[in-house]
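*Asks:* I'd like to ask you about the structure that follows.
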Amino acid sequence: MPDTPTVFKTVPEPKDRRLRNLADCIRFLSMDAVQKAKSGHPGMPMGMADIAAVLFSEFMKFDAADPYWFDRDRFLISNGHGSMLLYSLLYLTGYRDMTIEEIKRFRQIDSRTAGHPEYHHATGIETTTGPLGQGTANSVGLALGERIMNASFGDELVDHHTYVFLGDGCLMEGISHEAISLAGHLKLGKLTAFWDNNSISIDGATSLAESDDQPTRFRAANWHVQEIDGHDTDAIRAAIFEAHKVTDRPSMIACKTIIGFGFPTKAGTQKAHSDAPGEEEIAGARQILGWTAPPFEIPDELLEDWRRIGAKGGAERAAWATRVENSGHRRADFERRMKGELPRGWRSAIEAAKQEVRGSEKDLATRQASGIVLNHLFDAIPELLGGSADLTPSNNTKAKNQVEIKPGEFAGSYIHYGVREHGMAAAMNGLALHGGLIPYGGTFLTFSDYSRPSIRLAAMMEVRTIFVMTHDSIGLGEDGPTHQPIEHLSALRAIPRLAVYRPGDPIETAECWEAIMDNSREAALIALSRQPMPLLRRERSEGNLAAKGAYVLQEAEGGDRQLTILATGSELHLAVEARAILQSEGVRTAVVSMPCRLAFGKQDPAYQKKVLGETRARVAVEAAVQDSWDRDLGLDGLFVGMHEFGASGKIDDIYKKFDITTDAVVRAGRQAIAALGG
């Protein structure tokens, strides 16, 4: 692609005038919406409109009247800045909530047409994209989900494709390497990616920053690759047909396109990428492409054609519904999983896990307790889909009855993601979005940094993606400060809607898993210890105490509470030990376990006040930084924890070095009481 502008005066007569007209509907809705908003990215929709027209009119299996049809093909745009392409398609094909008024409200507050596609904002938006490369990895999860569900329920109930549009920026992002490698390894033959090969980025030509041979890169990762003219509808059609023939590899179609196709002076330049084109440029495009309709108006015959495309899947959907009705013993389980409901009696698995850990005569790390819970949960909830980023023995994420998924073999429930934390997290989001599966995946908590953008999007989308993060403190010991999470808990708790659980003993671990499973519209992260810790709750209790986020583990004795000690995880037993000492000194002390700050914040004020107590003398202990504790500590509270990176050594020695000990909690308690004149 030349670095100089592609100046259009005319365009060649298309091979298929109908398809060009359908594509021009996308182009003009996109440029009109961006111009009205004075903001947006018209270049990608205009460049990829021909591909979208062929894909939707001739290949996509969907029914706009039933956006949640489980066996629909999935379509997503990883280059989410080109969102007007998706919004245009949703309006044109007849999705009820995507009206022309919503198109006109592009990028306005509370519209369905946000700057980047946002899951739940409108039907037909399969995922939230915007951070480049995320949609690429989501598509891997969606395609993997289809294959896993197909292995369980057969072609009659689950047999669909996943299509993803992606751009140069997506392929520059590191997550794309992880996703492409994983998809090729697993042989996801029903995944097709369309690369918008326009050679333009915001700064200018992509040659400013890269010289990668992308087709060779994909071939090396075991993808089927084709290279075509992205404006030749015959070539597009032939390439998709060819991709469908390949069942043992994912397919990438490299589509040579002109960004801003049709603009008279900005086509082929970075100015088409993300600038409002201007009235003069739009007028020139109308003349070049022969478009006479006013802004935001689609000629009746073209809109009718698009609406027929949107309805053509209705008969196939009805036939599928009949197959579901006649699917015999599979039907109840399939319908339950489509609805996201858990099997009856699944809580008995939690009780069985509690009974097992209570029967243990040795201290257990919470990662070990989590493994015990998963052994029971998987037997009760077959849609649980586990995995790890090459840390299975350390994370304890593989239940004893889980079968490993292998390349081309999807009748399993455990995925070896390899050392691909970011790709794993985004693929799990895709698996959760697909439906019928509940994905969880493990790594060390310090490597949540590698996964953070995908964790954030899971929280934003409110999908039940479960991040299992072990080795959650300096308590991992000898691996030292590179592997010891310090700031991570506070940083993760800062993500809105993300439920961060840090259980303090094996019973709490079971309760945290129960709470996670109870919330189908909430992303969750469970932080688990490497080191063993004592069982603090040997007596049975009514209900799930951890589900409330915080509760009084031990109340003060001898009168009104003078001091509250707050703790989580492996430091909870330090609080219990410190309380015993302080009580013996006459300080009426309560211990509050706070396994999930988000859940506690959702409780009514009366409960929160009861748990925290009236006294302003509070101490929090956690082997992490203080930042996320200030709200509950108040102005007079004190913190025992980390203020620096960790160190390599034996666990006990590290805790002593950083003064996170029972004695330190006792001293802080005395100081808090004294400061208030107690």
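*Asks:* Taking THR509 as the residue in question, decide whether it is at pLDDT 95 or above, among the hydroxyl-bearing types (Ser, Thr, Tyr) and outside any helix (DSSP H, G or I).
*Replies:* Details: at pLDDT 95 or above: yes; among the hydroxyl-bearing types (Ser, Thr, Tyr): yes; outside any helix (DSSP H, G or I): no.
Spelling it out, it is not the case that THR509 is at pLDDT 95 or above, among the hydroxyl-bearing types (Ser, Thr, Tyr) and outside any helix (DSSP H, G or I).
*Asks:* Please state which of the following conditions ASN222 fails to meet, knowing it meets all the rest: (1) outside any loop (DSSP other than H, G, I, E, B); (2) open to solvent by 20 Å² or more (accessible area, probe 1.4 Å).
*Replies:* (1)
*Asks:* OK, next. In region 251-269, what residues are surrounded by fewer than 21 Cβ atoms within 10 Å (Cβ to Cβ) and either free of Cβ contacts under 8 Å to residues at least 12 places away in the same chain or closer than 30 Å to LEU191 by Cβ (or both)?
*Replies:* ALA254, LYS256, listed by residue number.
*Asks:* Turning to a different aspect of this structure: For region 382-430, which positions are within 19 Å of the chain's Cα centre (by Cα), closer than 11 Å to GLY442 by Cβ and of a type in the set (S, T, N, Q)?
*Replies:* Across region 382-430, the qualifying residues are SER388, THR397.
*Asks:* Answer yes or no as to whether LEU182 is surrounded by 20 or more Cβ atoms within 10 Å (Cβ to Cβ) and either under 25 Å from TYR450 (Cα atoms) or free of Cβ contacts under 8 Å to residues at least 40 places away in the same chain (or both). Steps first, answer last, please.
*Replies:* Working: surrounded by 20 or more Cβ atoms within 10 Å (Cβ to Cβ): yes; either under 25 Å from TYR450 (Cα atoms) or free of Cβ contacts under 8 Å to residues at least 40 places away in the same chain (or both): yes.
So LEU182 passes the test.
*Asks:* Would you check which residues across region 281-297 are open to solvent by 20 Å² or more (accessible area, probe 1.4 Å) and outside any helix (DSSP H, G or I) and list them?
*Replies:* Going residue by residue through region 281-297, those that are open to solvent by 20 Å² or more (accessible area, probe 1.4 Å) are 283, 286-288, 290-292, 294-297.
Within region 281-297, GLY290, TRP291, THR292, PRO294, PRO295, PHE296, GLU297 meet the criteria.
*Asks:* Still on this structure: Could you tell me whether region 625-636 includes any residue that is β-branched (Val, Ile, Thr), within 33 Å of the chain's Cα centre (by Cα), crowded, with 23+ Cβ neighbours inside 10 Å and under 30 Å from GLU522 (Cβ atoms)?
*Replies:* Taking every residue of region 625-636 in turn, none turns out to be β-branched (Val, Ile, Thr), within 33 Å of the chain's Cα centre (by Cα), crowded, with 23+ Cβ neighbours inside 10 Å and under 30 Å from GLU522 (Cβ atoms).
*Asks:* Yes or no: LYS354 open to solvent by 40 Å² or more (accessible area, probe 1.4 Å) and either within 24 Å of ARG521 (Cα to Cα) or at pLDDT 95 or above (or both)?
*Replies:* Details: open to solvent by 40 Å² or more (accessible area, probe 1.4 Å): no; either within 24 Å of ARG521 (Cα to Cα) or at pLDDT 95 or above (or both): yes.
No.
*Asks:* Please list, ordered by first then second residue, the pairs with beta carbon atoms under 8 Å, 6 or more apart or interchain, first in region 208-225 and more than 14 Å from GLU178 (Cα to Cα), second among the aromatic types (Phe, Trp, Tyr) and open to solvent by less than 70 Å² (accessible area, probe 1.4 Å).
*Replies:* Pairs that qualify, where the first residue is more than 14 Å from GLU178 (Cα to Cα) and the partner is among the aromatic types (Phe, Trp, Tyr) and open to solvent by less than 70 Å² (accessible area, probe 1.4 Å), are GLN214/TRP195; VAL225/PHE218.
*Asks:* I've got another one for you. With the requirement that a residue be closer than 21 Å to GLN583 by Cβ and small (Gly, Ala, Ser), what does region 617-671 give you?
*Replies:* Scanning region 617-671 gives ALA617, ALA620, GLY637, ALA664, ALA668, GLY669.
*Asks:* Out of HIS120, HIS116, HIS161, HIS81, I need the residue that is of a type outside the set (Asp, Glu), open to solvent by 40 Å² or more (accessible area, probe 1.4 Å), in contact (Cβ under 8 Å) with a residue 60 or more places away in the chain and in the same structural domain as PHE59 (by the TED database). Which one?
*Replies:* Result of the check over HIS120, HIS116, HIS161, HIS81: HIS120.
*Asks:* Restricting attention to region 410-460, report how many residues are under 17 Å from THR162 (Cβ atoms), hydrophobic (A, V, I, L, M, F, W, C) and in contact with a Phe, Trp or Tyr (Cβ under 9 Å, 6 or more places away or on another chain).
*Replies:* Residues in region 410-460 being under 17 Å from THR162 (Cβ atoms), hydrophobic (A, V, I, L, M, F, W, C) and in contact with a Phe, Trp or Tyr (Cβ under 9 Å, 6 or more places away or on another chain): 3 in total.
*Asks:* Please give the number of the condition SER348 fails out of (1) small (Gly, Ala, Ser); (2) over 25 Å from the mean Cα position of the chain (by Cα); (3) open to solvent by less than 70 Å² (accessible area, probe 1.4 Å).
*Replies:* (3)
*Asks:* Still on this structure: Looking at region 359-369 only, could you name the residues that are of a type in the set (Gly, Ala, Ser), open to solvent by less than 10 Å² (accessible area, probe 1.4 Å) and within 23 Å of TRP346 (Cβ to Cβ)?
*Replies:* Passing the criteria: only ALA369.
*Asks:* Looking at (1) in contact with a Ser or Thr (Cβ under 8 Å, 6 or more places away or on another chain); (2) surrounded by fewer than 24 Cβ atoms within 10 Å (Cβ to Cβ); (3) over 30 Å from ASP71 (Cα atoms), which is the one condition that is false for HIS471?
*Replies:* (2)
*Asks:* Identify the single condition in (1) crowded, with 18+ Cβ neighbours inside 10 Å; (2) farther than 17 Å from MET594 by Cα that ARG540 does not satisfy, given that it satisfies every other one.
*Replies:* Status for ARG540: all satisfied but (1).
*Asks:* How many residues are part of a loop (DSSP other than H, G, I, E, B) and crowded, with 16+ Cβ neighbours inside 10 Å if we restrict to region 604-615?
*Replies:* Going through region 604-615 one residue at a time, the tally reaches 2.
*Asks:* Also: Name the residues in region 370-428 that are open to solvent by less than 30 Å² (accessible area, probe 1.4 Å), charged (D, E, K, R) and within 19 Å of SER139 (Cα to Cα), would you?
*Replies:* GLU421
*Asks:* From the list GLY141, GLY130, GLY135, pick out the single residue that is small (Gly, Ala, Ser), open to solvent by less than 50 Å² (accessible area, probe 1.4 Å) and over 12 Å from the mean Cα position of the chain (by Cα).
*Replies:* Going through GLY141, GLY130, GLY135 in turn, the sole match is GLY130.
*Asks:* Please specify each residue of region 47-63 satisfying the condition of being of a type in the set (Gly, Ala, Ser) and either surrounded by fewer than 24 Cβ atoms within 10 Å (Cβ to Cβ) or free of Cβ contacts under 8 Å to residues at least 12 places away in the same chain (or both).
*Replies:* Of everything in region 47-63, just one residue is of a type in the set (Gly, Ala, Ser) and either surrounded by fewer than 24 Cβ atoms within 10 Å (Cβ to Cβ) or free of Cβ contacts under 8 Å to residues at least 12 places away in the same chain (or both), namely SER57.
*Asks:* Among the residues of region 84-113, what is the count of those that are free of Cβ contacts under 8 Å to residues at least 40 places away in the same chain, within 24 Å of ILE51 (Cβ to Cβ) and assigned to a helix (DSSP H, G or I)?
*Replies:* 3
*Asks:* When both residues are 6+ apart or on different chains and their Cβ atoms are under 7 Å apart, which pairs have a first residue that lies in region 275-294 and is not assigned by the TED database to the domain that holds GLY40, and a second that is at pLDDT below 95 and buried (at least 18 other Cβ atoms within 10 Å of the Cβ)?
*Replies:* Once the first residue is not assigned by the TED database to the domain that holds GLY40 and sits in region 275-294, no partner that is at pLDDT below 95 and buried (at least 18 other Cβ atoms within 10 Å of the Cβ) comes close enough.
*Asks:* Also: In the list GLU304, GLU341, which residue meets the criterion of being under 30 Å from the mean Cα position of the chain (by Cα) and surrounded by fewer than 15 Cβ atoms within 10 Å (Cβ to Cβ)?
*Replies:* Just a single option satisfies the conditions, and that option is GLU341.
The values are calculated or read from the model by the stated rules, or taken from the named source; none is laboratory data. Just so it is clear, the model here is predicted, and its values are computed rather than measured. Heads up, the Cβs are rebuilt from the backbone with ideal geometry, glycines too, and the neighbour counts pull from every protein chain shown. For accessibility, only protein heavy atoms count, side chains too; no ligands or nucleic acids. Shrake-Rupley method; radii C 1.70, N 1.55, O 1.52, S 1.80 Å.
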